[in-house]
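The values are calculated or read from the model by the stated rules, or taken from the named source; none is laboratory data. Note that the structure is a prediction, hence the values are computed from the model and not measured. Because the Cβ atoms are built from the backbone with ideal geometry, glycine has one as well, and the counts that use them run over all protein chains shown.
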Number of protein chains: 2
Amino acid sequence: MEDEKKSTQNASINLIRPIRCIVKLGGAAITCKNELEKINEESLKEVSAQLRQSMIMQSPSGKNLGMDWSKRTGESDVSCDIDCFRHQPSLDSSPFIVVHGAGSFGHFQASESGVHKGGLDQPLVKAGFVATRISVTKLNLEIVRALARESIPSIGMSPFSCGWSTSERNIAFADLSVVAKAIDSGFIPVLHGDAVLDNLLGCTILSGDVIIRHLAEHLKPEYVVFLTDVLGVYDRPPSDPNAVLLREIAVSEDGSWFVVKPTLENMKVQITVAAHDTTGGMQTKISEAAMIAKLGIDVYIVKAGTSHSVRALNGGLKDDIPDDWLGTVIRLFR
Amino acid sequence: MEDEKKSTQNASINLIRPIRCIVKLGGAAITCKNELEKINEESLKEVSAQLRQSMIMQSPSGKNLGMDWSKRTGESDVSCDIDCFRHQPSLDSSPFIVVHGAGSFGHFQASESGVHKGGLDQPLVKAGFVATRISVTKLNLEIVRALARESIPSIGMSPFSCGWSTSERNIAFADLSVVAKAIDSGFIPVLHGDAVLDNLLGCTILSGDVIIRHLAEHLKPEYVVFLTDVLGVYDRPPSDPNAVLLREIAVSEDGSWFVVKPTLENMKVQITVAAHDTTGGMQTKISEAAMIAKLGIDVYIVKAGTSHSVRALNGGLKDDIPDDWLGTVIRLFR
């Protein structure tokens, strides 16, 4: 009852400024998938720079006003020019929310211990829960820092700490007021797939995709962008030379979906994406995306760090999808 | 109104098992005070080992069942023996809560930008808020990992993410249900001094000492231990060769306090402790401790990593303070 009451409260969350965009940084796009806990530094830097362009104005001085004033591994001092901020008139950022996956962080710890299946009374699961949270919060910190170095006022927020919990893997309780307050205070919340408590199983893994759907349902962003490591959604594994990029998917009011573009007769739609999608594969992702699109919110699935992702993040695809834009749009069929 | 309602709800938090102890890991005890963002590895390891002894039974195999399965800086692989957990009957831990200070983390970022004074509309304060949170969460992650390596099922929980906020620096809202659920699920929550939103100032710093008082008021632990880098509370700076350790301080019902032991006539009580106490000095600490003691909860202020801290953490000082125990007890005068 308490949970129901609080969940309902989410429906009435009023933000001072409406959310412009929710971005998913796919684990495969920002980590090195074949190496344990290794960040793809180059990709993360490029993604962070593109996000800065989308959400904040360049400082008048042209200087990069970095907000990560912490020591980096192997360096003995911090590199920041704090005085720059004194002469900066304002640092307004467009209301974005960032959610990231785990990639090569958390996956090893979670799968070795079976955290997603629950059973906290088993020592292995309990230890795996602790180990998984350490790994995903380690990644979260690195992403928050990468964004902060690009002047994005990013604030790490773990779903577990925010008190989010599930009931048989579906979100049972997720008070969004803390996220809303952070946004209204001018910050960019950075959430992540996390190990959480589950009413029935004891514990489970709450994936970034499920988090995005929940945020989209309650905070109604203008659009949602999934940054991944391939161009978009294909009809078969992208490694297959015959794979065809699905450019547009339409979602009906009842949640069913069909490929609008390209028009491939008798195409056996065997949707797939990157192999390193550890939380349910592309079928899950497309179902989650379809549920967002059903709300009338456009979803763009696009390769991170490309000119295509820049266009998606800037919101330039709202009215018209140019022919030279490569990616997958999932939108309500009207 | 909403805040008031929720705050009141805290009063009725019922834990399955009552909290045994809330421990403060003082910033000065676990970091190197004169070096930016440097952990005192030796001290942190010793503190973690002592906490393990106090809160969990040694595994029957005698093996250390480490729960940090993440790569450490400079190492290419994780070192953990996951199979050990499969043969472990249980991993029960005594209900403890750990709160740590910032030490040489966060202080530089907060003081350079004036986060504690508020004013999020100023770019410097906003950037400082982001930078402070990065630094303190970096420390939190390292402490959670050090505890996890000692088999302590530690879970990092940032007050900001938990939705805690202040009103002119006093706690205005701090829902403890997430902390309570973590404890009831068998975890050890690890909180920390944090940058938080303030209803009136915009933002401020919520110190670890204030967090401890709030937790103690609502969760009623058996006792509270402050681990610091000196033996306890002195009548003057501990560096002064004439400094006298105050062994016992009694707190009256009205919150006033006086030194019981040693009995020093005409002693000008010029209470002080480590120089690196960045959030208000010893006067604040003793006031916070006195407010806890007023609730009938014993407070022990003791040097980290000593035989004296072992006794305090184990709860062996409840009935009688042995003459050879060095530290400061602050308790209700009955």
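Note on the stretch B:21-50: residues that are within 14 Å of chain A (Cβ to nearest Cβ) and of a type in the set (A, V, I, L, M, F, W, C) amount to 3. From the residues in the stretch A:63-77 that are more than 8 Å from every other protein chain (Cβ to nearest Cβ) and within 25 Å of A:A304 (Cβ to Cβ), which one is surrounded by the fewest Cβ atoms within 10 Å (Cβ to Cβ)? Here the residue is A:R72. Within the stretch B:106-121, the set of residues being within 29 Å of B:C32 (Cα to Cα) and more than 8 Å from chain A (Cβ to nearest Cβ) comprises B:G106, B:H107, B:A110, B:S111, B:G114, B:V115, B:H116, B:K117, B:G118. Looking at the stretch B:187-210, is at least one residue among the aliphatic types (A, V, I, L, M), away from chain A (no Cβ under 14 Å) and closer than 29 Å to B:I56 by Cα? Within the stretch B:187-210 (the criterion being among the aliphatic types (A, V, I, L, M), away from chain A (no Cβ under 14 Å) and closer than 29 Å to B:I56 by Cα), the answer is yes, since at least one residue qualifies. It is to be established whether one or more residues within the stretch A:210-225 are under 25 Å from B:V130 (Cα atoms) and aromatic (F, W, Y). Checked against the condition, which is being under 25 Å from B:V130 (Cα atoms) and aromatic (F, W, Y), the stretch A:210-225 yields no hits at all. You will find that of A:S158, A:S151, A:S185, A:S135, the residue that is without any contact (Cβ under 8 Å) to a residue 40 or more places away in the chain, buried (at least 21 other Cβ atoms within 10 Å of the Cβ) and of a type in the set (G, A, S) is A:S158 and no other.
Yes or no: B:D254 more than 22 Å from the chain's Cα centre (by Cα) and at pLDDT below 95?
yes
Among the residues making up the stretch A:124-154, those that are touching a His at 6+ places or on another chain (Cβ under 9 Å) and at the interface with chain B (Cβ under 8 Å from one of its Cβ atoms) are A:S135, A:T137. If you go through the stretch A:91-105 and pick out every residue that is part of a loop (DSSP other than H, G, I, E, B) and more than 11 Å from chain B (Cβ to nearest Cβ), you end up with 5. Only one of these is modelled with pLDDT of 90 or more, crowded, with 24+ Cβ neighbours inside 10 Å, of a type outside the set (G, A, S) and outside any helix (DSSP H, G or I): A:L191, A:L231. Name it. Sole residue among the options that is modelled with pLDDT of 90 or more, crowded, with 24+ Cβ neighbours inside 10 Å, of a type outside the set (G, A, S) and outside any helix (DSSP H, G or I): A:L191. Looking at this structure, is B:Q53 in contact (Cβ under 8 Å) with a residue 24 or more places away in the chain, surrounded by fewer than 20 Cβ atoms within 10 Å (Cβ to Cβ), within 8 Å of chain A (Cβ to nearest Cβ) and among the polar types (S, T, N, Q)? So B:Q53 fails the test. Considered as a group, the residues in the stretch A:78-90 that are within 7 Å of chain B (Cβ to nearest Cβ), of a type outside the set (V, I, T) and in a loop (DSSP other than H, G, I, E, B) include one that is surrounded by the fewest Cβ atoms within 10 Å (Cβ to Cβ), and that residue is A:S90. Would you be able to tell me the number of residues in the stretch A:139-155 that are touching a Lys or Arg at 6+ places or on another chain (Cβ under 7 Å) and part of a strand (DSSP E or B)? Looking only at that region, the number is 1. Filtered by the rule that a residue be among the hydroxyl-bearing types (S, T, Y) and in a strand (DSSP E or B), the stretch B:18-57 gives a lone residue, B:T31. Is one or more of the residues making up the stretch B:103-124 at pLDDT 95 or above, surrounded by 19 or more Cβ atoms within 10 Å (Cβ to Cβ), β-branched (V, I, T) and closer than 28 Å to B:Y223 by Cα? Within the stretch B:103-124 (the criterion being at pLDDT 95 or above, surrounded by 19 or more Cβ atoms within 10 Å (Cβ to Cβ), β-branched (V, I, T) and closer than 28 Å to B:Y223 by Cα), the answer is no, since none of the residues qualifies. Does the stretch B:187-204 contain at least one residue that is among the acidic types (D, E) and closer than 25 Å to B:G296 by Cβ? No: the stretch B:187-204 contains no residue that is among the acidic types (D, E) and closer than 25 Å to B:G296 by Cβ. Among the residues of the stretch B:311-327, just one is among the basic types (K, R) and touching a residue at least 24 places away in the same chain (Cβ under 8 Å), namely B:K318.
Evaluated against (1) buried (at least 21 other Cβ atoms within 10 Å of the Cβ); (2) closer than 24 Å to A:K285 by Cα, A:R169 falls short on exactly one condition, (1). Taking the listed residues B:V302, B:V225, the one that is modelled with pLDDT of 95 or more and in contact with a His (Cβ under 7 Å, 6 or more places away or on another chain) is B:V302, with no other qualifying. Restricting attention to the stretch A:164-173, the residues being at pLDDT 95 or above and closer than 12 Å to B:V178 by Cα number 2. For residues that are in a loop (DSSP other than H, G, I, E, B) and within 10 Å of another protein chain (Cβ to nearest Cβ), tally how many sit in the stretch B:158-186. Residues in the stretch B:158-186 being in a loop (DSSP other than H, G, I, E, B) and within 10 Å of another protein chain (Cβ to nearest Cβ): 10 in total.
Within the stretch B:202-230, residues that are closer than 23 Å to B:K318 by Cβ sit with their Cβ atoms under 7 Å from residues that are of a type in the set (S, T, N, Q) and surrounded by fewer than 24 Cβ atoms within 10 Å (Cβ to Cβ), at 6+ positions apart or across chains, in these pairs: B:D209/B:T279; B:D209/B:T284; B:H218/B:N10. Right, B:A290: among the aliphatic types (A, V, I, L, M), at pLDDT 85 or above and farther than 22 Å from B:T31 by Cβ or not? Criteria met by B:A290.
Any chance the stretch B:64-74 includes a residue that's in a helix (DSSP H, G or I), farther than 21 Å from A:V144 by Cβ and without any contact (Cβ under 8 Å) to a residue 24 or more places away in the chain?
no
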